[in-house]
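> Sending over a structure as structure tokens; questions will come in a sec.
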Amino acid sequence: MAEDGPQKAQLEMPLVLDQDLTKQMRLRVESLKQRGEKRQDGEKLLRPAESVYRLDFIQQQKLQFERWDVVLDKAGKVTITGTSQNWTPDLTNLMTRQLLDPAAIFWRKEDSDAMDWNEADALEFGERLSELAKIRKVMYFLITFGEGVEPANLKAAVIFNQL
């Protein structure tokens, strides 16, 4: 059977838990609690079910979003929200206005091996990643875990076509 054209090379880029940054953001929450202070106006504080992940763009140019590769090893839900923030060593606070829309939501139902997702939003978000890759070496994501899922249950990557 003939191919429609040359096969495009694909590049799989995993989302990796940034344990240090997640820890630093949790320390910010604890520090505010201990001092009895409130968050800054518009500041996004990390909740217990949220973790910070990063995607290192090992190649920045000529990437075309192909698909998300998200696997949960048990039933539950994850919401992947991109951030427009470029964190610096001083860990400037994450502001809610720096959270990108739309978010990609993935879930796995009890007694099912199949993953479901909010397809239109996840695809739109993925396509934005191709553009962001042109100007960034790394991108950060806020991943919210729901329904008993935690970081150990998640394997997530973005698949790009190399143009």
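> How big is the equivalent ellipsoid of the stretch 9-76 along its three axes, where each semi-axis is √(5λ) from the Cα gyration tensor, reported in whole Å from largest to smallest?
33, 16, 11
> Expressed as a whole percentage, what fraction of the accessible surface of the stretch 78-163 belongs to carbon and sulfur atoms when a 1.4 Å probe is rolled over the protein heavy atoms?
For the stretch 78-163, the apolar C and S fraction of the accessible surface comes to 50 percent.
> Right, next: Below 8 Å between Cα atoms, with a sequence gap of 6+, how large is the relative contact order for the stretch 87-163 in percent?
It comes to 20 percent, rounded to a whole number.
> Any idea what diffusion coefficient the chain gets from Stokes-Einstein, in µm²/s, Kirkwood Rh on alpha carbon pairs, 20 °C, 1.002 mPa s?
Answer from the Stokes-Einstein relation: 126 µm²/s.
> Still on this structure, please answer the following. Identify which of A133, A103, A114 has the largest mean-square fluctuation in a Gaussian network model of the chain, with springs joining Cα atoms closer than 10 Å.
Comparing A133, A103, A114 in the GNM, the peak value goes to A114.
> Please give the per residue accessible area of the chain, computed with a probe of 1.4 Å over protein heavy atoms only, in Å². All intermediate terms of the calculation are to be shown ahead of the outcome.
Values: 9720 Å² over 163 residues.
Ligands and nucleic acids excluded, the result is 60 Å² per residue.
> L99: accessible area at probe 1.4 Å, nearest 10 Å²?
40 Å²
> May I pose another question? For W107, what accessible surface area do you get with a 1.4 Å probe? Give it in Å², rounded to 10.
Rounded to the nearest 10, the figure is 80 Å².
> Hand me the GluC sites (Glu not before Pro) from the stretch 106-163 located in a DSSP loop with no more than 13 other Cβ atoms within 10 Å, in residue order please. Write out the running numbers ahead of the final one.
Working: sites: E110, E119, E124, E127, E131, E147; in loops: E110, E147.
Answer by residue number: E110.
> If I compute solvent accessible area with a 1.4 Å probe over the protein chains, what percent of it on the stretch 3-53 is carbon and sulfur? Each step should come with its number before you reach the end.
Numbers: 1750 of 3680 Å².
Carbon and sulfur together cover 48 percent of it.
> For the chain, what is the relative contact order in percent, using Cα pairs closer than 8 Å and at least 6 residues apart in sequence?
Computed over the chain, the figure is 39 percent.
> Against the longest principal axis of the chain, how steep is helix 19-35, in degrees 0 to 90 to the nearest 10, with axes from Cα atoms?
The answer is roughly 20 degrees.
> Further question on the same structure: Quick one: angle between helix 119-133 and the longest Cα principal axis of the chain, in degrees between 0 and 90, rounded to 10, please.
That works out to roughly 90 degrees.
> If eta is 0.890 mPa s and T is 25 °C, what Stokes-Einstein diffusion coefficient results for the stretch 73-163, Kirkwood Rh from Cα pairs, in µm²/s?
On the way: Rh = 14.5 Å.
In µm²/s, the coefficient rounds to 169.
The values are calculated or read from the model by the stated rules, or taken from the named source; none is laboratory data. This is a predicted model, so every value here is computed, not measured. Ideal geometry is used to build each Cβ from the backbone, glycine not excepted, and the neighbour counts take in all protein chains shown. The area values use the complete protein model at the heavy-atom level, side chains included, leaving out ligands, DNA and RNA. Shrake-Rupley method; radii C 1.70, N 1.55, O 1.52, S 1.80 Å.
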